[in-house]
Amino acid sequence: MYQKVLDTLVKKTEKNMENIGRNLKEVVGRQDGIYFKDGFDNTIPLSHIFNWMQSFITGEVCLAYHVTKDEKFLKWNYQYYQDYYDKVFKTPFETMHDTGFLYTPYAVAMYDITGDPKMKEIGVKAADELAKRFDLKGRYIRAWGRMDDNVPPYVDEELAKNHFFTESKGLAIVDCMMNIPLLFWASKVTGHPYYSNVATLHADTTLKYFVREDDSVCHAWRFDPETGESLGEENYCGYGIGSHWARGTAWAIYGFAIAYAYTKKAEYMDASKRLATKFLELCEGRVPIWDFRLPEETPAIYCGKKSPEYTWDITDPKNKKYVMDSSAAAITTCGIYEILRHEENEFLKNGAESMMKDLCEHYFNPDPQIPGMLHTQNGTGHYAAYGDYYFMEALTMKLHDVKRIW
């Protein structure tokens, strides 16, 4: 079953390459999975600071190469080299904490395959820009907006009001655990310890403040931007303060496992295993609810928004399925596979197998004409590029022992 699913994902990737052509931008999630239905007029280019998902497409292309060894996949990715070069060399202020999500599934993945020094160059430069976001006093990588606090002139008036720009100062978020692998990689390929030191300090801060005693995880933490003093928990992606966002937990599980792989710090592996165990216990080895502490009577409204914005009747019991997050299961499965590279753990192994089976049987769309791969992501019923990518990564790790790019 699994190889058949992966073969279909490769076909979807090929079809997506045809649809995109030379016009790759951020791929916006859709409930119907037809990412390119409305063209690219309403999507943002790589040069836009708000773009964080574009490279999950190039990452899928690299995974397709690993499966097929067909050079056409590498050729397709190469056509975007100049775009990635320009972002970090010509407009470095238009980067944010998700620089790792943009450059690891592109520059690092391509360098791992080709050994091309050009890819190494832009990957290391991206790591430079990510490291510049490190706050020395608070020991964290700052989330979101520009480091000079200016809103770029190309940002429209409505987006400029977003917390991405207005509440960036002093903020760290759990998502960054999957961005710091770019820093670890940069130390590995340059021999310079600075990048790894920054990544390790950020991971230590995440472990100290984000991981609760009961092995749940918060989304964000606020620090005084002047003194670095801890101010307390924040939330922008989970249901609320004190909740337990499933995808954020997945970022932490995989991120700490990778941090252990680079540093061999036992506390990182311990954290990853504890969080993964808690995750599997709460979801019983299946695709989880998007926030483990979502109140029973609450609609599947992502990020704690209180006004309905969905096309289904949440009062209908049959529609309870929409509160699930298949992306969290895919990311966590990758994280568990990384844990299992370092030690045996029967509970985690069985849990990963159970989630993979659930994803393939109930959340994977086998129609090769539908660009989306994995439905019901994020508690919104959407297909999204990040969940698609990690689903494909998990399958290539399982079936072809493809090494992680992170």
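The values are calculated or read from the model by the stated rules, or taken from the named source; none is laboratory data. Here the structure is a predicted model, which means the values were calculated and not measured. A quick note on method: Cβ atoms are made from the backbone with ideal geometry, for glycine too, and the neighbour counts reach across all protein chains shown.
Anything in the stretch 379-405 that is modelled with pLDDT of 95 or more, surrounded by fewer than 24 Cβ atoms within 10 Å (Cβ to Cβ) and hydrophobic (A, V, I, L, M, F, W, C)? List them, or say none.
M397, L399, I405
Let me confirm something: among R30, R22, which residue is surrounded by 14 or more Cβ atoms within 10 Å (Cβ to Cβ) and not aromatic (F, W, Y)?
R30
Among the listed residues D291, D313, which satisfies the condition of being modelled with pLDDT under 95, crowded, with 16+ Cβ neighbours inside 10 Å and of a type in the set (D, E)?
D291
The conditions are (1) closer than 15 Å to R30 by Cα; (2) of a type outside the set (S, T, Y); (3) buried (at least 23 other Cβ atoms within 10 Å of the Cβ), and I370 fails exactly one of them. Which is it?
(3)
Go through (1) farther than 20 Å from L183 by Cβ; (2) of a type outside the set (D, E); (3) not in a loop (DSSP other than H, G, I, E, B) for A107 and report which single condition fails.
(1)
Only one of these conditions is not met by A160: (1) buried (at least 22 other Cβ atoms within 10 Å of the Cβ); (2) without any contact (Cβ under 8 Å) to a residue 12 or more places away in the chain; (3) small (G, A, S). Which number is it?
A160 satisfies all of (1) buried (at least 22 other Cβ atoms within 10 Å of the Cβ); (2) without any contact (Cβ under 8 Å) to a residue 12 or more places away in the chain; (3) small (G, A, S) except (1).
Just a yes or no: is a residue in the stretch 239-247 assigned to a helix (DSSP H, G or I), within 19 Å of the chain's Cα centre (by Cα) and surrounded by 18 or more Cβ atoms within 10 Å (Cβ to Cβ)?
Yes, there is a match, as at least one residue in the stretch 239-247 is assigned to a helix (DSSP H, G or I), within 19 Å of the chain's Cα centre (by Cα) and surrounded by 18 or more Cβ atoms within 10 Å (Cβ to Cβ).
Quick one: T298 ticks every box in (1) at pLDDT below 95; (2) outside any loop (DSSP other than H, G, I, E, B) except a single one, so which number is it?
(2)
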